[in-house]
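> I'd like to ask some things about the structure below.
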Amino acid sequence: MTPSDALRYSPALNSIRSFYRLCDGLQTLALVDQNGFLVEIIEVEKWALPFSDTNLPVPSPARYHTHSAATLCGGHVCMILTPNGEMKIFANGLQVFRFLDGRWRLTDSERKYGLWAKAVGDVDLAERLFGAALNLAEDRRGGLLVVLDDPKTARKLVSRNDLLSPLPNQGEHPVAGTKDQLHYLLHQKRVLEVPSAVLETVARIDGGIVLDRESNLLAFGAILRHPDLADLHPENIEGGRTTAAISASRFGSVLKISEDGLISFFQNGKCIWDL
C-alpha cells in the first residue's frame, strides 16, 4: 500500500542528496509503484526469494541474478546504475536494455543465448561458459573461450607446450618459471566439474581457454595460432584477441570478452552477435 505522504519519483526527489544513500542498486532498490510514487526501500535478494527455485530464461551475471529473478513474475521492471557507470533494465527475468557508451542497446539476450547454446550442443556447458563470460564482462576483464567441434584440431590451434594432455614426460620437462609447470593442476579436468570461480580465474590468464564439446579442458592461457587474416577480414581485425577469435572459430564456437564489457560470439570465421 502506498503511504499517504509518499513522494513522487521525480528530479526533485533526486535532488535530495541522502536519497542516493538509501539504495545502492546492488543489494537495495527503491520500490516505485505504477503511479510513480516512492513506496519503500527493498532488499532485492528478499524480493526475489519467492522465485529462487525458478530457472531464468538465460544465464545472468552473478552480481545481478537476483535483479533478474525479481522481475520473473508480476510485471515488475528493475532499472539500475552499475558501478561501471552502465544502466541496465531487467524485465521478465532477463536484462532487456543496457545504456553503454552514450546509447541504449537492446540486448536480445534470449535469442543470442539460444544461438550459442545450439552451437555448443550441450545446455549445461553452454550455460556455464556463457555465465562465466558475463561475469568477466561485468568485471571488465578480457577473455577467450573456445569450444572445438573436434578435439583433434587442438594441435592446429594450440602449440604442443600449451596443451594439457598429455603432460610433458619421457625426458621432457616444463621450462622453469613458465605456465607449463602448473598444467598438472588442470590436467584431465572437465569444465563442468571445475567450480565457476576457478573457471573465471583461469579465464583471466592471458591467452585463451580451449575445450571440447564434452567439456574436457584442453588448454588454458594459450596463445592461439592464426594465419594473417587481414586480407580475409579487414573490417574485423581490431586486435590480437579478435584475430585469435576469428581464427579459432574456424574450428568451433568462440566467446570473446572485451575489457569494455562487450561479449562477441564467433563461428565459421564470422562474428554472429555482440552482447
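> Is there a residue being within 18 Å of residue 65 (Cα to Cα) and modelled with pLDDT of 95 or more anywhere in the stretch 113-122?
Within the stretch 113-122, one or more residues are within 18 Å of residue 65 (Cα to Cα) and modelled with pLDDT of 95 or more.
> Where residues in the stretch 147-173 are β-branched (Val, Ile, Thr) and at pLDDT 90 or above, which of them is farthest from residue 121 (Cα to Cα)?
Only one residue fits best here, namely 153.
> Write out, first by first residue and then by second, each pair whose Cβ atoms fall under 7 Å of each other, whose residues are 6+ apart or on separate chains, and whose first residue, in the stretch 191-207, is under 14 Å from residue 142 (Cβ atoms) while the second is among the β-branched types (Val, Ile, Thr).
Correct list of pairs: 202/209; 203/209; 207/223.
> Determine, yes or no, whether residue 64 is under 18 Å from the mean Cα position of the chain (by Cα) and surrounded by 12 or more Cβ atoms within 10 Å (Cβ to Cβ).
yes
The values are calculated or read from the model by the stated rules, or taken from the named source; none is laboratory data. All figures in this text were calculated on a predicted structure; none of them were measured in a lab. Positions of Cβ are generated from backbone atoms using ideal geometry, with glycine treated the same way; all protein chains shown enter the neighbour counts.
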